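Here the structure comes first, spelled out in C-alpha cells, and everything after it is commentary.
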Amino acid sequence: MSSAAETVLSVRDLSVSFPTSEGTVKAVQDVSFDIRAGEVLAVVGESGSGKSVTALAVMGLHPKSAEITGSARFGEHELLGLDDKTMRRIRGDEIAMIFQDPMTALNPVFTVGGQIAEAIWIHRDIQKKAAMERAAELLDLVGVPEAKRRARQYPHEYSGGMRQRAMIAMAIANDPKLLIADEPTTALDVTIQAQVIETMKAAQDATGAAMMLITHDLGLVAGLADRIQVMYGGRIVETGTTDEVFYGSSNPYTRGLMSSIPRLDAREAARLTPIPGAPPSLINLPKGCSFRPRCTFRTEICLSGVPELEEVAPGHSTRCFHSGDLPELEVMVEVHS
Ligand SMILES: Nc1ncnc2c1ncn2[C@@H]1O[C@H](COP(=O)(O)OP(=O)(O)O)[C@@H](O)[C@H]1O
Ligand SMILES: [Mg+2]
C-alpha cells in the first residue's frame, strides 16, 4: 500500500442519532476518516461505541428515523442520502459486507456455490455455468477444501468457520472496491478466528480492495490492520498506524484495551485486566471527557469539556487532555507477527 493510493472512502463529520422514548441516543459524533485502496482500517472499541452505526450509515442501512449528518464520499457518490436504488446497486457490487453471522448472508435452501454464482450474475453479464465455475474458484481461494464438490452443498453442511469463508468468497465475488467486515470472527472459536482473519487478508490481497474491519478485539487486528481507529462513546478517541497505536498509544482508553489482550507469554491464560466500569450512556454522556469516570489519569481539567482529537505525530491523533504526560507504554503485543 502506498500513500499515493486512491482514497476509496472519505467520511467527514459523520454524526448519527436516534430519537427514542428515553431521549436522543447520540450513537456517533463528528467521525472523520479516509480509507485508501489496498488499505485495512480497523475500527476498534467496546460494545456500544458506535462502530456498527458508523458502518451502517455508510451503507445506507439505518432506519428512516435515524438523524444522519456529515458526508461519506465513495468515488463519484455521496453515500449519505443516496437514493435506495443506487445504494442497492453499489452494495454487493462496489461495497461488500461481511457480518458476524454468515446465515444473514447465506440462504439455507440454496447451495453455497449457487448463491455465490447468483451474486455474480445479478451484477454481471455472465453465463450461469461460468458463474458457477467462478464460485468454485472463489471457494478455493478462501480455503474451502474440495471447492468444486463443496460448492454443491448447502450451508448447513458447512462448519461455522467454513460458512464464514463462504461469506468472504461471496463478498469478493464482484471485485468490490471496499469491504466492510463487522465483527467477522466474533462468533467463532479462537483457533478458527485466526484462520478466518488470514482468509480475509488473502481475499483482500487478491482483490486489492480497501477494508474496514470492525472489532471489539484489539488483539485480533495487530497482524492485519494498516491503521487503527479507536472509538469510545460514539467518538474517535485515537487514530494512527498500527505501529503508532500499539507502540506509542497516547490515550488511556486505548491502553486499557491493550492491557486486556491476552499476552503470548502469559503464564496463566486468564491474566487479563478489563477496564473497570461500564461504557457511558449515549443519551446522557458524562460531563467533560466521556472516558473520565473510568480513567486512572483523570484530573480536574477532564471535567472542563470534551478534549479535541489532536495530532501528536504525523497521522497519529488522540483525544486526551493528558496525552503528553502519560507514563511510558509497556509494549505487550507483537505487531505483524
Ligand atoms: N436503531 C437504533 N435505535 C436506537 N439506538 C440505536 C440504534 N442502533 C444503534 N443504537 C445505539 O447506538 C449505540 C452504538 O451502537 P453500535 O454502533 O451498534 O455499537 P458497536 O460499537 O457495538 O457496534 C448503542 O448504544 C446502540 O444501542
Ligand atoms: Mg457492532
Does Ser15 satisfy the criteria of being within 16 Å of ligand 2 (Cβ to nearest atom) and under 26 Å from Thr254 (Cβ atoms)? no
Looking at Phe99, Phe33, Phe110, Phe18 in this structure, which one is at pLDDT 95 or above, closer than 25 Å to Gln204 by Cβ and either among the aromatic types (Phe, Trp, Tyr) or within 16 Å of ligand 1 (Cβ to nearest atom) (or both)? Phe33
Candidate set from the stretch 64-81 (those that are more than 16 Å from ligand 2 (Cβ to nearest atom) and in contact with a Phe, Trp or Tyr (Cβ under 9 Å, 6 or more places away or on another chain)); member that is modelled with the highest pLDDT: Glu67
Looking at the stretch 29-46, is at least one residue among the hydroxyl-bearing types (Ser, Thr, Tyr) and surrounded by fewer than 13 Cβ atoms within 10 Å (Cβ to Cβ)? no
Of the numbered conditions (1) crowded, with 16+ Cβ neighbours inside 10 Å; (2) within 30 Å of Gly161 (Cα to Cα); (3) away from ligand 2 (no atom under 16 Å from the Cβ), Lys51 satisfies every one except a single condition; which is it? (3)
With respect to Gln29, is the statement that it is more than 30 Å from Thr318 (Cβ to Cβ), away from ligand 2 (no atom under 16 Å from the Cβ) and not in a loop (DSSP other than H, G, I, E, B) true? no
The one condition Ile236 fails out of (1) more than 19 Å from Leu14 (Cα to Cα); (2) in contact with a Lys or Arg (Cβ under 9 Å, 6 or more places away or on another chain); (3) within 16 Å of ligand 2 (Cβ to nearest atom) is (1)
Of all residues being modelled with pLDDT of 95 or more, touching a Gly at 6+ places or on another chain (Cβ under 7 Å) and not charged (D, E, K, R) in the stretch 216-266, which is nearest to Phe291 (Cα to Cα)? Just the residue, please. Tyr232
Any chance the stretch 59-69 includes a residue that's under 26 Å from Gly223 (Cβ atoms) and aliphatic (A, V, I, L, M)? no
Could you look through the stretch 204-223, keep only residues that are β-branched (Val, Ile, Thr) and within 14 Å of ligand 2 (Cβ to nearest atom), and pick out the one that is farthest from the chain's Cα centre (by Cα)? Thr215
Consider Gly38 against the criteria (1) on the phi < 0 side of the Ramachandran plot; (2) within 17 Å of the chain's Cα centre (by Cα); (3) more than 15 Å from ligand 2 (Cβ to nearest atom): it satisfies all of them except one. Which criterion is unmet? (1)
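The values are calculated or read from the model by the stated rules, or taken from the named source; none is laboratory data. As the structure is a computational prediction, the values presented were derived from the model and not from experiment. Ideal geometry is used to build each Cβ from the backbone, glycine not excepted, and the neighbour counts take in all protein chains shown.
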